[in-house]
Amino acid sequence: MTLQGRAAVVTGGTRGIGRAIAARLLREGVSVAICGRSSTAVANAVADLGHSGKGKVCGTHVDVSSLDDVHRLFAFADFELGGVDILVNNAGVAILRSVAETEPGDWRVSIDTNLSATF
C-alpha cells in the first residue's frame, strides 16, 4: 500500500513527534496540513517542512481544545488539500507539577487538550 497522493492532518505538527510524523508523511508523498497554537511556530514549521519531501505542506494555528478551531482546521484542510484521508491526533500538553501545585484550570486544559480534543 502506498500513501502517495493521500492527504493528512497532523495536530501538534510544529515540533517534536508531530513534526517528525509530518516530515515522514511528506517524504512518502502525502500532502500534510499541520496545526499548532502559535501562528509563528506554524509558519516556521511549514517553511522548514516544505523541503521535506514530495507532498504539499500547509498549516494554520489552532487550539485543538476549541471545537470551533477544530472545525476551522478541517475546513482549512479540505480547502487546501481537497479532503483528508489520514488523521494524526498528536497535539497534547503536559502539566509538570505535583497534584498539590496543580490548579483546576491546569487540569481542565490538560483534559480538554489531551482527551476531549482527540474525541
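The values are calculated or read from the model by the stated rules, or taken from the named source; none is laboratory data. A quick note: this is a predicted structure, and the numbers were derived from the prediction, not measured. With ideal geometry, Cβ positions are generated from the backbone for all residues, glycine too; neighbour counts draw on all protein chains shown. For the accessible areas, the whole protein counts, side chains as well, though only heavy atoms, and no ligand, DNA or RNA atoms are used. Shrake-Rupley method; radii C 1.70, N 1.55, O 1.52, S 1.80 Å.
Relative to the dominant Cα principal axis of the chain, helix 16-27 is inclined by about 10°. Please list, in order, the residues from the stretch 67-93 whose amide nitrogen is less than 13 Å from a point placed 7 Å along the Cα→Cβ vector of THR102. Answer for the stretch 67-93: 93. Surface composition of the chain: carbon plus sulfur atoms hold 54% of the accessible area, using a 1.4 angstrom probe and ignoring ligands, DNA and RNA. Computed from Cα positions, the angle between helix 39-49 and the longest principal axis of the chain comes to roughly 40 degrees. Once the Cα atoms are used to define both axes, helix 67-81 deviates from the longest principal axis of the chain by about 10 degrees.
Looking only at GLY29, GLY105, GLY83, which one moves most when the chain is put into a Gaussian network model with springs between Cα atoms under 10 Å? Top of the fluctuation ranking is GLY105.
Taking amide H positions as modeled 1.01 Å from N, with prolines and chain starts lacking one, the residues under 5 Å from GLY55 and 5 or more places away or on another chain are GLY29, VAL30.
The C-alpha atoms of the chain occupy a region whose extents along the principal axes are 48, 30, 24 Å, arranged from largest to smallest. Entry note, the chain: the mean residue ellipticity at 222 nm calculated from DSSP H runs of n ≥ 4, each adding -39500 (n - 2.57), is -12000 deg cm²/dmol after division by the residues and rounding to the nearest 500.
Protein heavy-atom accessible surface, 1.4 Å probe, per residue over the stretch 73-113: 66 Å².
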